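Here is the structure we will look at.
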Amino acid sequence: MTATADATDSRTVEQLIQTVEDLRDTVEQQADRINELETELADYRAHNERDKAEIRQKIAEVENQQTDAPSEDTTPGVDTEKDPSKNSETPLERICTLPEHVADRELTTNQERARFIARDIQDYAEKAPAGLVIDSRAIKRVLTASEGKRPHTQTVARVMNFLDDLGKEDVQQKKRRGKKLIVIDPEAATRYTAHHDRCDGEGGPTHAEGVISSG
């Protein structure tokens with residue numbers, strides 16, 4: 001009986017040791033995963049700040065150009081400073097007027113994605129008292145259908161940030177019940193869509209520097 005008991009105790013100790021080792025491995029794996037996620041988050045924040053810095057730089061460049069010299073798109077006899085329709089346009093609306101070949105050349109990939117969403121926002125968003133609402137999941141579905149692959153969560157977040165930043169007062173990014181939402185003014189959405197059919201025509205801006213500005 002003593003030998004049997006000793007053998008049983010030995011197996012029990014071995015099992016406990018194995019359990020502890022398994023737990024240690026699990027903790028180490030979780031720690032590695034946490035480090036990876038923290039690194040990804042830091043990278044995302046860095047990229048996001050760089051994107052915003054690029055926009056701010058372009059805005060400053062445009063403002064300096066407008067101060068130093070007349071715009072190439074200025075129509076003789078028209079004072080753009082006193083033209084409400086000119087000044088009321090947001091950068092997002094101006095992006096929607098870009099011909100495809102200009103958008104491909106001048107915009108970043110995520111700016112193009114934001115433009116793509118905005119131009120057909122009435123097809124993708126849901127109507128609500130606050131305006132047209134589209135959440136991050138819907139944006140991911142639209143981009144997946146357009147590009148043939150699921151975009152990274154960080155990509156969707158950047159696109160939503162661009163919609164918010166470039167849309168100015170016409171677009172608001174909100175968070176409700178843990179879900180990120182984009183709310184767009186219906187009248188602005190109509191203008192974005194109106195540019196869709198004529199964006200390849202003449203008369204639109206030919207440089208992104210004339211589009212991505214604070215208005």
Please go through (1) crowded, with 20+ Cβ neighbours inside 10 Å; (2) in contact with a helix residue (DSSP H, G or I) (Cβ under 6 Å, 6 or more places away or on another chain) for MET160 and return the number of the only condition it doesn't satisfy.
(2)
What number of residues in the range 125-147 are surrounded by fewer than 15 Cβ atoms within 10 Å (Cβ to Cβ), of a type outside the set (D, E, K, R) and not in a loop (DSSP other than H, G, I, E, B)?
4
Conditions: (1) surrounded by 12 or more Cβ atoms within 10 Å (Cβ to Cβ); (2) touching a residue at least 12 places away in the same chain (Cβ under 8 Å). ARG150 meets all but one. Number of the miss?
(2)
As an exercise: evaluate VAL62 against (1) touching a helix residue (DSSP H, G or I) at 6+ places or on another chain (Cβ under 8 Å); (2) modelled with pLDDT under 90; (3) open to solvent by 40 Å² or more (accessible area, probe 1.4 Å); (4) farther than 21 Å from THR190 by Cβ and give the number of the one condition it does not meet.
(3)
Residue check, VAL78 against (1) open to solvent by less than 80 Å² (accessible area, probe 1.4 Å); (2) closer than 22 Å to ASP170 by Cβ; (3) modelled with pLDDT under 70, all met but one. Which one?
(2)
I need every pair where a residue in the range 88-108 that is under 15 Å from ASP165 (Cα atoms) and charged (D, E, K, R) has its Cβ under 8 Å from the Cβ of a residue that is at pLDDT 90 or above and open to solvent by 10 Å² or more (accessible area, probe 1.4 Å), sequence separation at least 6 or different chains.
GLU93/ASP170; GLU93/ARG191
Residue identified as closer than 22 Å to GLU40 by Cβ, among the charged types (D, E, K, R) and out of contact with any Cys (no Cβ under 6 Å at 6 or more places or on another chain) among LYS175, LYS168:
LYS175
Might you let me know whether the range 95-116 holds any residue that is assigned to a helix (DSSP H, G or I), aromatic (Phe, Trp, Tyr) and in contact with a strand residue (DSSP E or B) (Cβ under 6 Å, 6 or more places away or on another chain)?
no
Considering each of GLU112, GLU100, GLU106, GLU126 in turn, give the residue that is acidic (Asp, Glu), within 25 Å of ARG50 (Cβ to Cβ) and more than 12 Å from the chain's Cα centre (by Cα).
GLU106
Considering only the range 165-187, how many residues are part of a helix (DSSP H, G or I) and on the phi > 0 side of the Ramachandran plot?
1
The lone exception for ARG158 - which of (1) in contact (Cβ under 8 Å) with a residue 60 or more places away in the chain; (2) under 21 Å from THR97 (Cβ atoms) it fails:
(2)
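The values are calculated or read from the model by the stated rules, or taken from the named source; none is laboratory data. Please read these numbers as outputs of a predicted model, since none were measured by experiment. Positions of Cβ are generated from backbone atoms using ideal geometry, with glycine treated the same way; all protein chains shown enter the neighbour counts. Note: areas computed on protein heavy atoms with side chains; ligands, DNA, RNA excluded. Shrake-Rupley method; radii C 1.70, N 1.55, O 1.52, S 1.80 Å.
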